[in-house]
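So the structure is just underneath, and the comments pick up after that.
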Amino acid sequence: MNVLWRQSARCRGVDPAIFYPVSEDESAAEAAKEICNACPVREVCLDHALARREKEGVWGGLTERERRRILRRRRKSA
Ligand code: SF4
């Protein structure tokens, strides 16, 4: 798998705990989302997480719950 995009990730070197908030509260993900919003590889990161059904953490600016919603919508429209 091509992981070159990770080299441009804005989260490189950032404390991973920010991307894996312990709280279920969606607002706990705001700090991670702010970083993702300015990330040059946001789309590919999100695609990667959706393809792998990543269960935890913020990927591509979306929480696990938000990614599940996208996957559900895709299944319904398939
Ligand atoms: S979108 Fe967010 S989680 Fe994905 S590489 Fe960029 S900063 Fe990291």
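Each value in this text was obtained by applying a stated rule to the coordinates, not by laboratory testing. The structure displayed is predicted, hence computed values, not measured ones. Note that we place each Cβ from the backbone using ideal geometry, even for glycine, and neighbour counts take in every protein chain shown.
A few points about this structure:
- Hey, ALA38 among the small types (Gly, Ala, Ser) and within 10 Å of the ligand (Cβ to nearest atom) or not: yes
- Single residue of segment 38-62 satisfying the filter (farther than 23 Å from ARG72 by Cα and not β-branched (Val, Ile, Thr)) that is nearest to the chain's Cα centre (by Cα): CYS39
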